[in-house]
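Taking it in order: structure first as structure tokens, then the write-up.
The values are calculated or read from the model by the stated rules, or taken from the named source; none is laboratory data. Everything numeric here is computed off the predicted structure, so don't read it as measured data. As a convention, Cβ positions derive from the backbone with ideal geometry for all residues, glycine included, and neighbour counts pool all protein chains shown.
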Amino acid sequence: MADFNGSSALSSTFYLTGIPGYEMVHHWISIPFCILYLVGIVGNCTILHIVQTEPSLHEPMYYFLAMLSLTDMGMSLPTLVSLFRVLWSISTEIEFNTCVMQMFFIHTFSLTESSVLLAMAFDRYVAICHPLRYSTILTPQRIAKIGAAALLRSSLSLIPPISRLAYLPFCRSHVLSHSYCLHQDMIHLACADIKFNVIYGFVLIIIVWGFDALGILVSYIFILRSVLNIASQKERLKALNTCASHICAVLILYVPMIGLSLIHRFGKHASPLVHIFMAHIYLLVPPVLNPIIYSVKTKQIRTRIIRLFVPKRIHSTWG
């Protein structure tokens, strides 16, 4: 146990928490988590495989969808080992360096996914409002630059608060309240001034997520204005239908993220189960639901999935 004066973060060992009060059934609780991870991995890998191997899907919309799948897996996969180590009673310990790397990947890909959703909103804006210039505006090179800029912005913005953790002394409990490491969870264990981390984290969320949310909102205002100018109701519905999957993806990411942030900052008296439940929704629901939504709502993706998983003989009888 660390002494009162505090122990160096670099030499600290932290302890992860499963589901408090349900330790005896952790093995059973691991089953739905196994299913969620499996569905998320298979779904996103399927999207990536289809976009890569199907030439007709080499278009901006599907390139951004592939980015979304990559960020979804980047958010959830870093937690896989630590979560099941806890639920299977293998070990609850996690070294500081491992913990920092885990939270860095989680938060980096979370912020990157928000940027990807903004890029997808811009994609829909160009496709609906400027269809004749679509292929000239969103070239493969420009899409690659957008993806690289999103990842770079997210990773660089996280360096100051996460690197500062190495200089914080931890003289209180080293028990984290989740089955994986989150920045806002760890800083509350430090016995030092954490105002910089708290303020920086709050400002970062406001600037990055706020900017992305505002960009998405403005894009849809222009989209809606353009759609309302279309004379045919059928064409209006067709145009709006191309945005349905993206709107669902935005809600799936933003609602749990906002809920988790509010709970960490203002829900100190809430049950630990609420914190844990929201944290797992935040990480696991987007990777699971996004591939399903895009498979159901996007005809091109749905058709390729049927061809991929349904035997050709059965597929030909359907055709």
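Annotations for the structure displayed:
- Positions within the stretch 194-251 being within 30 Å of Arg172 (Cβ to Cβ) and among the small types (Gly, Ala, Ser), in sequence order: Gly201
- Cβ-Cβ under 8 Å pairs, at least 6 apart or on other chains, the stretch 221-234 side closer than 19 Å to Arg124 by Cβ, far side of a type in the set (Ser, Thr, Tyr) and at pLDDT 90 or above: Phe222/Tyr125; Ile223/Tyr125
- Among residues of the stretch 185-199, those that are crowded, with 19+ Cβ neighbours inside 10 Å and without any contact (Cβ under 8 Å) to a residue 12 or more places away in the chain, counted: 0
- Considering (1) buried (at least 22 other Cβ atoms within 10 Å of the Cβ); (2) in contact with a strand residue (DSSP E or B) (Cβ under 7 Å, 6 or more places away or on another chain); (3) β-branched (Val, Ile, Thr), the lone condition that Thr79 does not fulfil carries the number (2).
- When each of Val39, Val86 is tested for being touching a helix residue (DSSP H, G or I) at 6+ places or on another chain (Cβ under 6 Å) and in a helix (DSSP H, G or I), the lone residue that passes is Val39.
- Residue list for the stretch 172-189, filter: of a type outside the set (Ser, Thr, Tyr), in a loop (DSSP other than H, G, I, E, B) and at pLDDT 85 or above: His174, Leu176, Cys181, Leu182
- Put simply, of Ser163, Ser219, Ser154 the only residue that is farther than 21 Å from Thr242 by Cα and buried (at least 18 other Cβ atoms within 10 Å of the Cβ) is Ser154.
- A single entry from Ser115, Ser56, Ser89 fulfils the requirement of being crowded, with 23+ Cβ neighbours inside 10 Å and among the polar types (S, T, N, Q): Ser115.
- The lone exception for Ala192 - which of (1) under 30 Å from Ser30 (Cα atoms); (2) of a type outside the set (Ser, Thr, Tyr); (3) not in a helix (DSSP H, G or I) it fails: (1)
- Hey, Glu59 within 27 Å of Leu217 (Cα to Cα) and acidic (Asp, Glu) or not: yes
- Residues within the stretch 200-220 that are free of Cβ contacts under 8 Å to residues at least 12 places away in the same chain and among the aliphatic types (A, V, I, L, M), tallied: 6
- Among (1) out of contact with any Asp or Glu (no Cβ under 9 Å at 6 or more places or on another chain); (2) at pLDDT below 85; (3) not basic (Lys, Arg), the one test that His264 misses: (1)
- Set side by side, the residues Ile199, Ile252, Ile281 differ, and just one is within 22 Å of the chain's Cα centre (by Cα) and over 20 Å from Ala119 (Cβ atoms), which is Ile281.
- Filtered residues of the stretch 12-52 (kept if loosely packed, with under 11 Cβ neighbours inside 10 Å and either among the small types (Gly, Ala, Ser) or modelled with pLDDT under 90 (or both)): Gly21, Met24
- Hits in the stretch 92-112 - residues which are touching an Asp or Glu at 6+ places or on another chain (Cβ under 9 Å) and over 20 Å from Ile252 (Cα atoms): Met103
- Residue satisfying condition, being within 21 Å of Ser76 (Cβ to Cβ), aliphatic (A, V, I, L, M), in contact (Cβ under 8 Å) with a residue 24 or more places away in the chain and touching a Leu at 6+ places or on another chain (Cβ under 6 Å), within set Leu176, Leu182, Leu158, Leu151: Leu176
- Sub-6 Å Cβ pairs linking a first residue in the stretch 103-124 that is closer than 18 Å to Ile281 by Cβ to a second residue that is outside any helix (DSSP H, G or I), at least 6 apart or interchain, are Met103/Cys181; Met103/Leu182, ordered by first then second residue.
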